[in-house]
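So the structure is just underneath, and the comments pick up after that.
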Amino acid sequence: AQKITQTQPGMFVQEKEAVTLDCTYDTSDPSYGLFWYKQPSSGEMIFLIYQGSYDQQNATEGRYSLNFQKARKSANLVISASQLGDSAMYFCAMRELYSGGGADGLTFGKGTHLIIQP
Amino acid sequence: NAGVTQTPKFQVLKTGQSMTLQCAQDMNHNSMYWYRQDPGMGLRLIYYSASEGTTDKGEVPNGYNVSRLNKREFSLRLESAAPSQTSVYFCASSEFIGAGELFFGEGSRLTVL
């Protein structure tokens, strides 16, 4: 079973609109972190935002916020007032403290290709 | 502020050739990782090193070897390259194992003919 599922392979959004990128996750580890990364066409991986499993409030970083619904195992990224420069691939990822006995590191979803249209 | 540095940025190999991807971080991080990125697949973990002197397999280790040379450096070796290893490779580091974000290098694009 996939640990991270991103159901939107691609999205087109008008500039200045808000965008929600979906992410659901699967873990039995009580302690984990959820991350979003942006990958522009230049290829680098840019860390955007983090949410810990015990955090009571949703994380926010500037125009980015993470809509964390623990019971639904959902960690959607919300980008407010989208800009042309937001066009990129966006990856949701999870890191488990105990990793279920498996490997450490981030487990990534397959990504959402976001295109902002003027 | 170099962060995580990978070399080379681009490489073309013929099937059966060997090569080593080098990675170095200057953030005094304990853990280091190698990922590969293929179209439509996201990033998949090849190997990681939780601390100096240790290495462990990730999701897709076959065909690769790694060396944690010291705390700063973590190399990935392809002994006999295959076309299936054509990919973009990312090195990453993390301050601690099990928690916190990963800091990524710029990636290395490898083509195996």
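Across the options A:TYR98, B:LEU78, A:TYR32, the greatest Cα extent toward the positive end of the charge dipole of the protein assembly as shown (unit charges at beta carbon of Lys, Arg, Asp, Glu) belongs to B:LEU78. Spin-label pair B:MET27-B:GLU106: with each label point 7 Å from Cα along the Cα-Cβ axis, the two points sit 1.7 nm from one another. Given R₀ = 25 Å, FRET efficiency for A:TYR54-A:THR5 by Cβ-Cβ distance, to 0.05? Between A:TYR54 and A:THR5 the formula returns 0.65. Pop the C-beta distance of A:ALA81 and B:SER18 into the FRET formula with R0 = 41 Å and round what comes out to the nearest 0.05. About 0.25, to the nearest 0.05. The mean number of partner chain beta-carbon atoms within 10 angstrom of a residue's beta-carbon across peptide B:91-99 is 4.
Taken about its Cα centre, chain A carries a charge dipole of roughly 160 debye when the Cβ of each Lys and Arg holds +1 and the Cβ of each Asp and Glu holds -1.
Per the Debye calculation on the protein assembly as shown with a single equal scatterer at every Cα and no solvent contribution, log₁₀ I(q)/I(0) for q = 0.14 Å⁻¹ amounts to -0.89.
Between B:ALA2 and A:TYR98, what FRET efficiency comes out of the Förster formula 1/(1 + (r/R0)^6) with R0 = 41 Å and r the beta carbon distance, rounded to 0.05? Calculated transfer efficiency: 0.80. The dipole here belongs to the protein assembly as shown: it is taken about the Cα centre, uses +1 on the Cβ of Lys and Arg and -1 on the Cβ of Asp and Glu, and is about 380 debye. Partner shielding of A:30-39 amounts to 2, given as the average count of beta-carbon atoms from other chains within 10 Å of each residue beta-carbon. First obtain the Kirkwood hydrodynamic radius of region B:5-113 from its Cα pairs, then insert it into the Stokes-Einstein equation at 37 °C and 0.692 mPa s, and state the resulting D in µm² per second as a whole number. Roughly 240 µm²/s, to the nearest whole number. Put simply, when A:49-60, B:26-37 are sorted by average Cβ atoms within 10 angstrom per residue, most first, you get B:26-37, A:49-60. Within the same chain, lysines fewer than 8 places from A:LYS110 are excluded, and of the rest, those with a Cα less than 27 Å from its Cα are A:LYS3, A:LYS16, A:LYS38, A:LYS70, A:LYS73, B:LYS9, B:LYS57. The distance linking region B:86-106 with region A:41-66 is 16 Å (Cα centroid to Cα centroid, whole angstrom). The GluC sites (Glu not before Pro) of region B:2-79 that DSSP puts in a loop, and whose beta carbon has at most 15 other beta carbons within 10 Å, are B:GLU52, B:GLU59, B:GLU79. For region A:32-64, backbone nitrogen atoms closer than 18 Å to the point 7 Å from A:LYS70 Cα along Cα-to-C-beta are found at A:32-35, A:50-60. Taking a ≥ b ≥ c as the square roots of the Cα gyration tensor eigenvalues, region A:37-99 comes out oblate, since a/c reaches at least 1.5 and a/b does not exceed b/c. The alpha-carbon of B:LYS71 sits under 12 angstrom from the alpha-carbons of these aspartates and glutamates, leaving out residues fewer than 8 places away in its chain: B:ASP26, B:GLU52, B:GLU95.
We did not get these values from a lab; they are worked out from the coordinates using the rules stated. Quantities reported herein were computed from a predicted structural model and do not represent experimental measurements. Heads up, the Cβs are rebuilt from the backbone with ideal geometry, glycines too, and the neighbour counts pull from every protein chain shown.
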